[in-house]
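Working notes for the structure below.
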Amino acid sequence: MSNINHGTIFNALENWAPKRLAYEWDNVGLQIGSTLTKTTKVMITLDVLESVVDEAIENDVNLLIAHHPLLFKSIKNIDVHSIKGKVIEKLIKHDITVYAAHTNLDIAKNGVNDLLCEALEIKATKHLLDVYKEKLFKLIVFVPKTHSDQVREALGNAGAGHIGNYSHCTFQSKGQGTFMPQEGTNPFIGRTKELEMVDEVKMETVVQENNVAKVLSAMKKAHPYEEVAYDLFPLECAGETFGLGRIGSLQETITLQAFSEKVKQTFHIDCLRIVGDLTKQLKKVAVVGGSGEKFLHQAKKMGADVYITGDMTFHHAQEALEMGLAIIDPGHYIEEIMKKATKLYLTNQFANLPVIVSNTNTNPFQFI
């Protein structure tokens with residue numbers, strides 16, 4: 001039995017797919033329920049339909065993690081006789097919390113688009129479209145020499161000092177700090193109304209915007225002083241870049257016909273839609289999970305031979321054909337690849353947390 005609450009699960013998910021990566025029109029995060037509820041069992045699903053909620057109830061699940069938000073647009077009332085109203089009523093009655101990670105999980109490193117590329121063995125991938133550049137801050141803290149090691153370790157363990165593939169990066173310079181404790185203080189060093197001079201270390205490190213609060217909290221906890229002297233400055237240099245979609249290369253050239261068969265086998269689908277000459281040789285592949293037809297020109301601009309995305313409409317397909325860009329449309333449902341990946345992520349984070357994957361097929365399409 002797990003001893004953690006839903007909020008702890010959400011924090012872990014947001015370390016993987018931060019909510020700030022989501023598009024403005026998206027609605028990610030808590031949908032229904034509470035962050036304070038103790039987590040007993042988690043189920044991962046692509047969609048939150050009534051059949052999925054019934055499956056959750058049958059399996060004693062009290063937290064549903066979905067890719068597609070249940071509450072995508074604002075609602076003005078909850079009619080329990082409507083389709084969505086029945087789902088909401090059932091979730092509340094059975095104390096099931098719902099959380100959604102949507103476009104933020106698409107964009108995140110090792111998120112949906114990376115998972116799709118990995119499954120199709122597309123190598124040397126880069127973003128199809130950059131959408132977010134993380135801001136960086138310079139943190140400077142003054143620490144007594146005797147406690148520099150423990151503060152440095154606390155900063156690094158909290159995520160400060162990450163530069164490329166290196167962690168715990170800091171710069172230190174020695175000096176002397178002065179201070180005079182006033183009435184009502186409880187100084188670690190020195191006496192009230194007496195000037196104190198201490199050998200200190202000026203410690204500098206870099207902090208990602210999303211991690212500032214966590215790093216400052218860890219710093220203050222590890223620092224011996226009652227009042228910690230520190231500076232925090234925004235930096236002009238950008239941090240990690242996040243992007244939508246991926247583009248990369250296949251190990252060997254392959255025909256559109258053969259690669260389409262590979263897509264079918266990889267994602268276990270009966271059929272797909274194809275635009276282009278089936279004998280065309282492919283090497284460079286662009287991928288956007290879900291609905292990505294509006295990035296058609298970006299895929300062509302980046303040199304893609306073929307573009308894999310769902311929900312391609314008639315006129316966009318015609319446009320792709322005229323510009324010589326092959327299209328493979330395997331449908332929206334291939335995003336279900338996130339289910340097993342999310343389960344693996346959570347079980348690696350929380351060893352004793354019961355996590356299952358929904359077996360309910362939420363794909364509305366069938367082919368005859």
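The values are calculated or read from the model by the stated rules, or taken from the named source; none is laboratory data. All values reported here derive from a predicted model rather than from experimental measurement. No Cβ is skipped: glycine too gets one built from the backbone with ideal geometry, and neighbour counts run over all protein chains shown. Note: areas computed on protein heavy atoms with side chains; ligands, DNA, RNA excluded. Shrake-Rupley method; radii C 1.70, N 1.55, O 1.52, S 1.80 Å.
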Consider residue 127 against the criteria (1) surrounded by 15 or more Cβ atoms within 10 Å (Cβ to Cβ); (2) in contact with a His (Cβ under 9 Å, 6 or more places away or on another chain): it satisfies all of them except one. Which criterion is unmet?
(2)
Sole residue being at pLDDT 95 or above, touching a Leu at 6+ places or on another chain (Cβ under 7 Å), of a type in the set (S, T, N, Q) and not in a helix (DSSP H, G or I), chosen from 253, 266, 309:
253
I need a count of the residues in segment 281-299 that are open to solvent by 70 Å² or more (accessible area, probe 1.4 Å) and under 17 Å from residue 122 (Cβ atoms).
2
Inside segment 76-97, can you point out the residues that are within 15 Å of residue 53 (Cβ to Cβ), in contact with a helix residue (DSSP H, G or I) (Cβ under 8 Å, 6 or more places away or on another chain), without any contact (Cβ under 8 Å) to a residue 60 or more places away in the chain and open to solvent by less than 90 Å² (accessible area, probe 1.4 Å)?
80, 86, 87, 90, 91
Can you run down the residue pairs with Cβ atoms below 7 Å, 6 or more apart or on separate chains, where the first is in segment 231-244 and within 21 Å of residue 166 (Cα to Cα) and the partner is of a type in the set (Asp, Glu) and loosely packed, with under 13 Cβ neighbours inside 10 Å?
241/130
Given the criterion open to solvent by 50 Å² or more (accessible area, probe 1.4 Å), farther than 19 Å from residue 291 by Cβ, touching a Phe, Trp or Tyr at 6+ places or on another chain (Cβ under 8 Å) and not hydroxyl-bearing (Ser, Thr, Tyr), identify the matching residue among 64, 30.
30
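Condition check ((1) more than 18 Å from the chain's Cα centre (by Cα); (2) at pLDDT 95 or above; (3) of a type outside the set (A, V, I, L, M, F, W, C)) across all residues:
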residue: 3; (1), (2), (3): yes, no, yes
residue: 24; (1), (2), (3): no, no, yes
residue: 30; (1), (2), (3): no, yes, no
residue: 34; (1), (2), (3): yes, yes, yes
residue: 40; (1), (2), (3): yes, yes, yes
residue: 44; (1), (2), (3): no, yes, no
residue: 47; (1), (2), (3): no, yes, yes
residue: 51; (1), (2), (3): yes, yes, yes
residue: 55; (1), (2), (3): yes, yes, yes
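Within segment 245-280, which residues are basic (Lys, Arg) and open to solvent by less than 40 Å² (accessible area, probe 1.4 Å)?
Within segment 245-280, just 246 meets the criteria.
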Could you please give the count of residues in segment 162-216 that are open to solvent by less than 80 Å² (accessible area, probe 1.4 Å), of a type in the set (D, E, K, R) and within 30 Å of residue 20 (Cβ to Cβ)?
2
Count - residues of segment 312-368 that are on the phi < 0 side of the Ramachandran plot, in contact with a Leu (Cβ under 8 Å, 6 or more places away or on another chain) and assigned to a loop (DSSP other than H, G, I, E, B):
6
